[in-house]
Amino acid sequence: MDSPQSTPQQLNSKAALALFAVFALVIYHLPMRPSTALTVHQSIVDALLASNNWGRQALIGSIDYPVLPSLALLISTVIGSFARLDGVRLLQAIVLAWTLCYFVRAAYYQHSWFTALIPPLLLFALPQLRNAALTLDPGWIAAVPFAAMFFHLVCWHANKGLRDLVLAGVNGGFLAFCGPGPLITGLVVVAVLSAEQRRSTTSMDSSARDGIAPLLWAPILYCIALWLLWNWLVMDDMLFGLRDLWLRADNVRPEQLQQHLDSAIPLLLFCLAPMLILVLKSDLRVIARCLLPTLFILPAASVISAALGANPASLLPLSAVAALAVFTLVAIAGFGHRVPRGCAIMAAACCAVYAIHSKQAFPPDTRADSAPAREEILAYIDQFWPDSRTALYGLRLPALYSDPAEKRFIARLDYQEQAFLDQAKDEQLHILVPPPDGYFYPLAHSLLADLHANGRPWLFLEKQWPGNWQLWRCVIPPKGESRLEHLR
């Protein structure tokens, strides 16, 4: 039989702060590589700092490049500029240190210092988790509310305090700002937590028990409503941020889903074995039941996002942290007998072996490699139209040719022909249209896809590069530049 666990104890604030500082300092100096999503988030931050309208639109107008990572990168960039530090590395160091502190505190609260060392050791010992941790991605900010939710679930299980229950719901709400996968994860975890709370408080007065559910649901529903409100205020369309994914859904074919199955995080599916043992036999089965749906949601979301050609927002970081949560639960859980404990440890060990030998998920996307160089585009235009600016539409394309001051490139989130024509009356304009492969814009019901295929009467195709990149020039002369102005 397992020995009874000691009384839960909190890590004092000075020790926690010292631990955070050590983690952050070490992580900041580790070798890291940028992710594909970093380019887009960095372009959004640069545009916001330059008071560029595209930056404000891009901040809230896309659900697969969500709000919280861009805002976190903006704050770390500003702090880094004052402290003379790399803002991207600073964000990664803070987020990973913060996340690890939550896991260490949870393990120490439930068990001992020896067990508290397991999460940081596993994160950097297992290659798959280490590769994720050393990938510079603002989406890692989603790991903080997830880890905080895990910590408060451990505390709530131990003391049944309302404060920890509510804080778990609040941190679940922050996941709404981290992308579709994290949003669904937050909704499902809150739903399971609400059901577990009702089950564990059957002896409580019914009115008091029913009053706890709104406290759990309010944060995430408020965050969803706030994001829709921002879309309405900035884009004049409450559902604008969802339209891109909705249009991309028309491009998905069954063979695409099969093709992108390798983009999922199979480690989470391997983690089902120890998690099921935790659900059935451990004293932390309530926490295990709350986290169990994430082992299905995150791999499914990664497959769907890959098939849609969308950015897997925060999915790799959350998958790594979810796997870390499973290992931590196995380490701190109590069992009624040695057999289930041994089975849980063996299952977790098999997961660790798989993580050592498996490949890194989400390989870098190279579909933008065929894009013409910035200097090549400008050199070609400057031969005849040195004052012309080139219009870029969407999120990924303006990030390739970042120009926050808009001296040579104009970025807009959505393509509106009338707005383009109105601007063409004031200045000479070109428009760069990427190939219709579903990466830069949806193929179904897309004006850019139709423009690429059919052009427009007021556009002249000046150049087409290998890879089917097109440069069009608007033939409508700006006011005051045509000798036939009197005929307008």
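The values are calculated or read from the model by the stated rules, or taken from the named source; none is laboratory data. Keep in mind the model is a prediction, meaning the values are calculated, not measured. Cβ coordinates were reconstructed from backbone atoms using ideal geometry, including for glycine residues, and neighbour counts include every protein chain displayed. For accessibility, only protein heavy atoms count, side chains too; no ligands or nucleic acids. Shrake-Rupley method; radii C 1.70, N 1.55, O 1.52, S 1.80 Å.
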Whichever lysines have a C-alpha closer than 29 Å to that of K407, once near sequence neighbours (fewer than 8 apart) are set aside:
K425, K463, K479
Take every Cα pair under 8 Å in segment 367-487 that's 6+ residues apart, average their separations, divide by the length, and report that relative contact order as a whole percent.
25 percent
Carbon/sulfur fraction of accessible area - segment 367-487, other protein chains in place, 1.4 Å, %
53 percent
Using r as the Cβ-Cβ distance of R456 and E406, and R0 as 30 Å, what FRET efficiency do you calculate, to the nearest 0.05?
0.85
Among 29-35, 127-133, 50-56, 185-191, how do they line up by average Cβ neighbours within 10 Å per residue, starting with the highest?
185-191, 127-133, 50-56, 29-35
Computed FRET efficiency, Cβ-Cβ of D422 and L134, R0 51 Å: what is it to the nearest 0.05?
0.60
Residues of segment 88-122 with amide nitrogen under 11 Å from the 7 Å Cα-to-Cβ point of N12?
none
Taking Rh as the Kirkwood radius computed over C-alpha pairs, what is the Stokes-Einstein D of the chain at 10 °C in a medium of viscosity 1.306 mPa s, expressed in µm² per second?
65 µm²/s
Contour minus Cα-Cα span, D369 to N468, at 0.36 nm per residue, comes to 34.4 nm
Ranked highest first by average number of other Cβ atoms within 10 Å, how do 433-439, 341-347, 304-310, 326-332 line up?
326-332, 304-310, 433-439, 341-347
Distance in nm between L269 and D237 label points, each 7 Å along Cα→Cβ, equals 3.6 nm
Qualifying lysines (Cα of each under 29 Å from Cα of K14; at least 8 residues distant if same chain):
K160
Cβ-Cβ FRET estimate between R338 and L226, R0 fixed at 56 Å, reported to 0.05:
0.70
